[in-house]
Amino acid sequence: MATVELRFSAQPEHVRTARLVAAAVARRAGVDEAVLDEVRLAVGEACSRAVGLHLSNGLTAPVRVVLTEEEKLFSIEVGDEVPGPAGGPEGTVSGIDATLDPDTETEDEMGLAVISGLVDDVEVTSGEGGGTIRMSWPVSGASDRP
C-alpha cells in the first residue's frame with residue numbers, strides 16, 4: 001500500500017496544487033483515464049470546502065490530503081481541523097445526499113452535493129478533532145499498469 005500525504009496552508013491558491021497532485025497519483029495508481037477529471041473536481045471541491053471551513057473559523061492549521069493506493073482501490077481523504085457540527089454532521093455519514101436539507105442548503109452542503117455526484121463511494125466524518133471526506137475509486141489490475 002503506497003501513501004502520499006499533502007499538507008497545505010488553508011489558502012484557496014493551494015487547492016489547484018492539491019488537484020494536480022491527486023490526479024498525478026491517481027493516474028500512477030491505475031485509476032481509469034476517463035475518471036481522472038472526476039478525481040480532480042472532487043478533490044478540488046473537498047479541498048475548497050476544507051479551506052473555507054478553516055478560514056471562516058479562524059484556523060491556521062493546514063488542510064490535510066492523504067492519497068492511498070491499495071490493490072484494487074485508490075482513496076483520497078481530505079481533512080479539516082474544524083471540530084463538531086461546523087465540520088459536518090457528528091459521526092459518520094455515508095450517502096451524503098441524506099445530510100442535505102434543501103430548505104437550509106449552504107455553500108458547504110452544495111460542495112458535498114457536487115462531490116456525491118462525482119464519486120460513488122464517499123464517506124463524511126466529523127468529530128471533536130475535525131472532519132474528513134473520504135472518497136475512493138477502483139483501479140485497474142497491477143498487470144494493466146504501465
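The values are calculated or read from the model by the stated rules, or taken from the named source; none is laboratory data. Here the structure is a predicted model, which is why all the values come from computation and not from measurement. Ideal geometry is used to build each Cβ from the backbone, glycine not excepted, and the neighbour counts take in all protein chains shown.
Yes or no, residue by residue, for (1) modelled with pLDDT under 95; (2) outside any helix (DSSP H, G or I); (3) polar (S, T, N, Q):
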| position | (1), (2), (3) |
| --- | --- |
| Val65 | no, yes, no |
| Asp103 | yes, no, no |
| Asp108 | yes, no, no |
| Ala113 | yes, no, no |
| Ser116 | yes, no, yes |
| Thr125 | yes, yes, yes |
| Ile133 | no, yes, no |
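Here Val82 meets each of (1) under 19 Å from Val119 (Cβ atoms); (2) crowded, with 19+ Cβ neighbours inside 10 Å; (3) modelled with pLDDT under 95 with one exception, condition (1).
Within the bounds of the stretch 28-38, is there any residue that is assigned to a helix (DSSP H, G or I) and touching an Asp or Glu at 6+ places or on another chain (Cβ under 9 Å)?
The answer is yes; a qualifying residue exists.
Out of the stretch 42-58, which residues are surrounded by fewer than 18 Cβ atoms within 10 Å (Cβ to Cβ) and among the hydrophobic types (A, V, I, L, M, F, W, C)? Hit for the stretch 42-58 is Leu55, nothing else.
Each row is one residue, and each column tells you yes or no for (1) in contact with a helix residue (DSSP H, G or I) (Cβ under 8 Å, 6 or more places away or on another chain); (2) under 17 Å from Ser116 (Cα atoms).
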{"site": "Ala2", "(1), (2)": "yes, no"}
{"site": "Glu5", "(1), (2)": "no, no"}
{"site": "Val15", "(1), (2)": "yes, no"}
{"site": "Ala24", "(1), (2)": "no, no"}
{"site": "Gly30", "(1), (2)": "yes, no"}
{"site": "Glu38", "(1), (2)": "yes, yes"}
{"site": "Ala42", "(1), (2)": "yes, yes"}
{"site": "Leu53", "(1), (2)": "yes, no"}
{"site": "Glu71", "(1), (2)": "yes, no"}
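Looking only at residues of the stretch 12-41 that are more than 16 Å from Pro138 (Cα to Cα) and among the basic types (Lys, Arg), we find that the one that is surrounded by the fewest Cβ atoms within 10 Å (Cβ to Cβ) is Arg16. Select from the stretch 1-23 the residues that are over 15 Å from Val66 (Cβ atoms) and aliphatic (A, V, I, L, M) and list them in ascending order. Of everything in the stretch 1-23, those that are over 15 Å from Val66 (Cβ atoms) and aliphatic (A, V, I, L, M) turn out to be Ala10, Val15, Leu20, Ala23.
For the stretch 27-50, enumerate the residues that are under 13 Å from the mean Cα position of the chain (by Cα) and farther than 19 Å from Val124 by Cβ.
Residues of the stretch 27-50 under 13 Å from the mean Cα position of the chain (by Cα): 38-50.
Residue satisfying the conditions is Arg40 alone.
Please tell me if Arg64 is basic (Lys, Arg) and over 16 Å from Pro138 (Cα atoms). Answer is yes for this residue.
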